[in-house]
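Here the structure is laid out as structure tokens; the discussion comes afterwards.
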Amino acid sequence: MKNNSLFISLEGIDGCGKSSLIEKLITRLAQHSVLCIREPGGTVISEKIRDMLLDIKNKGIIPRTEALLYMAARSQLVEEIINPGLAAGKIVLADRYIDSTVAYQGYGRGLEINLLKTLNQFCTGGLKPHLTLLLDITPEEGERRRRTDIPDRLEKEGITFQEKVREGYLQLAREEPDRIKIIDAAKEIEAVADEAMHYIQPLLDKDPS
Ligand code: TYD
């Protein structure tokens with residue numbers, strides 16, 4: 001069956017500008033059928049898990065619980081939303097996916113990286129994005145951009161944590177250079193969107209198979 005579906009994930013530390021890029025990409029991909037999702041969230045169950053994860057009152061969540069909750073939210077999202085979207089030939093644009101868990105709970109919290117990769121495989125049925133755009137930025141700049149937000153539980157972790165997460169993402173990009181493309185997110189948003197389209201366009205031009 002011919003299907004020109006495409007699965008793209010956006011990754012980066014807090015404040016890297018994913019939301020602004022998504023808005024730009026929606027405009028630039030207007031002639032396509034685009035399905036936007038965000039993690040954690042996107043289904044009734046996953047949104048309930050999101051509330052649990054981001055609530056600053058939940059100080060007692062230990063890293064293993066945290067990882068498993070993100071994974072649980074993700075498996076539900078893959079089954080209910082991502083797989084059907086791809087089967088219908090859509091471009092699925094994900095604000096965070098598997099690499100977030102490896103970067104935050106692995107490199108950030110110190111959980112075992114390979115175990116998290118195996119769990120990711122389990123909870124997604126092995127579904128990986130065709131393309132992952134990593135918006136790279138320093139934690140200081142990320143924090144500056146978030147200055148007006150009320151920080152959630154993860155955002156309260158501070159610069160050292162964000163630095164570990166950033167390094168983790170860069171390591172993942174070195175391991176999978178074909179899938180994960182690094183974009184300098186300190187640039188202004190139109191330039192970031194241009195670079196994102198530079199990676200997306202060839203996939204749109206490809207013959208569906
Ligand atoms: P969100 O408000 O969606 O932040 P952002 O706009 O930066 O994506 O909150 C998601 C938070 O959850 C963010 O701090 C990253 C964190 N996170 C993990 O720690 N592990 C994960 O697997 C995912 C998907 C997110």
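The values are calculated or read from the model by the stated rules, or taken from the named source; none is laboratory data. None of the values given here were measured: they were computed from a predicted structure. Virtual Cβ from ideal backbone geometry, glycine too; neighbours counted across all protein chains shown.
For segment 2-17, enumerate the residues that are within 16 Å of the ligand (Cβ to nearest atom), in contact with a Gly (Cβ under 9 Å, 6 or more places away or on another chain) and over 16 Å from A186 (Cβ atoms).
F7
Starting from residues that are acidic (D, E) and touching a helix residue (DSSP H, G or I) at 6+ places or on another chain (Cβ under 9 Å), keep the ones in segment 40-80 and report whichever is farthest from the ligand (Cβ to nearest atom).
The residue in question is E80.
Please go through (1) small (G, A, S); (2) at negative phi; (3) surrounded by fewer than 19 Cβ atoms within 10 Å (Cβ to Cβ) for G89 and return the number of the only condition it doesn't satisfy.
(2)
Could you list, in sequence order, the residues of segment 1-50 that are under 22 Å from P202 (Cα atoms) and assigned to a loop (DSSP other than H, G, I, E, B)?
Passing the criteria: M1, K2, N3, N4, S5, L29, A30, Q31, H32, S33.
Looking at segment 152-170, I want the residues that are in contact (Cβ under 8 Å) with a residue 40 or more places away in the chain and within 18 Å of A185 (Cα to Cα) and have a partner that is among the aliphatic types (A, V, I, L, M) and outside any helix (DSSP H, G or I) with Cβ atoms under 6 Å, at least 6 apart or on another chain. Which pairs are those?
Q162/I13; V165/I13; R166/I13; Y169/L134
Residues being at pLDDT 95 or above and in a helix (DSSP H, G or I): count how many of those fall in segment 138-159.
Residues that pass the stated criteria total 1.
Take the conditions farther than 26 Å from K187 by Cα, outside any loop (DSSP other than H, G, I, E, B) and at pLDDT 95 or above and apply them to L86. Does it pass?
Criteria met by L86.
Answer with yes or no whether Y97 is within 11 Å of the ligand (Cβ to nearest atom) and either of a type in the set (D, E) or in contact with a Leu (Cβ under 8 Å, 6 or more places away or on another chain) (or both).
Spelling it out, it is not the case that Y97 is within 11 Å of the ligand (Cβ to nearest atom) and either of a type in the set (D, E) or in contact with a Leu (Cβ under 8 Å, 6 or more places away or on another chain) (or both).
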